[in-house]
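K.L.:
There's a structure below that I have some questions on.
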Amino acid sequence: TIPADSRPRVLWGKLGLPMYTAGPGSFIDDLIRLAGGRNIAADAQTAWFQVGLETIVSRDPQIILVSSVHPETIAGEVERLRATTGWEDVDAIANGRVHHVDLDILGRPGPRLIDGLEILARLFHPDRFAP
């Protein structure tokens, strides 16, 4: 069991606004929790919703998960956000902890979610896995 204070704050979505994310009752929320993270949207009123920059900044995710269909654009988006008011203070942006997770693995419930769970656990707690 991973203590609450060792669980990184995690946001799943796309970079930029409007950002849609996963809340309670979604399989993404379940995966984040099972992999040892804390979904910053776990207290939302619905499973899938739009989240604003003020909420993102106030909850300060340490890790942002992106399941973009264009992973090659992520590094450029992170650089753009580092220069954008508000985003530059988000821990995951400032520290380069924005990770792509293949949409085929994490995008829909099914047997591949086990692979997704392992990927998330390794991203959240790399120190717990042998090199």
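K.L.:
Is there any pair linking a residue in the range 9-32 that is without any contact (Cβ under 8 Å) to a residue 24 or more places away in the chain and farther than 16 Å from R59 by Cα to one that is open to solvent by 10 Å² or more (accessible area, probe 1.4 Å) and outside any loop (DSSP other than H, G, I, E, B), with Cβ under 7 Å and at least six apart or on different chains, and which?
P.N.:
Within 7 Å, the pairs are S26/W48.
K.L.:
Let me ask another. In the range 26-44, which residues are open to solvent by 40 Å² or more (accessible area, probe 1.4 Å), closer than 16 Å to I114 by Cα and of a type in the set (D, E, K, R)?
P.N.:
Of the residues in the range 26-44, the ones open to solvent by 40 Å² or more (accessible area, probe 1.4 Å) are 27, 30, 33-34, 38, 42-43.
In the following step, the residues that additionally are closer than 16 Å to I114 by Cα were identified as 27, 30, 33-34.
Across the range 26-44, the qualifying residues are D30, R33.
K.L.:
From the set of residues in the range 80-108 that are small (G, A, S) and part of a loop (DSSP other than H, G, I, E, B), which is farthest from the chain's Cα centre (by Cα)?
P.N.:
In the first step, residues of the range 80-108 are kept if they are small (G, A, S); the result is 83, 86, 92, 94, 96, 107.
Applying the additional criterion that residues be part of a loop (DSSP other than H, G, I, E, B) yields 83, 86, 96, 107.
On the way: A83: 20, G86: 18, G96: 12, G107: 13 Å.
The selected residue is A83.
K.L.:
Is there any pair with a first residue in the range 94-108 that is modelled with pLDDT of 90 or more and open to solvent by 70 Å² or more (accessible area, probe 1.4 Å) and a second that is part of a loop (DSSP other than H, G, I, E, B) and of a type in the set (K, R) whose Cβ atoms are under 9 Å apart and which are 6 or more apart or on different chains, and what are they?
P.N.:
Nothing qualifies.
K.L.:
In the range 45-84, which residues are touching a Pro at 6+ places or on another chain (Cβ under 9 Å), crowded, with 20+ Cβ neighbours inside 10 Å and modelled with pLDDT under 95?
P.N.:
V51
The values are calculated or read from the model by the stated rules, or taken from the named source; none is laboratory data. Worth saying up front: this structure is predicted, and the values here are computed from it rather than measured. Positions of Cβ are backbone-derived with ideal geometry, glycine not excepted, and every protein chain shown enters the neighbour counts. Just so you know, the surface numbers come from the protein's heavy atoms only, side chains and all, with ligands and any DNA or RNA stripped out. Shrake-Rupley method; radii C 1.70, N 1.55, O 1.52, S 1.80 Å.
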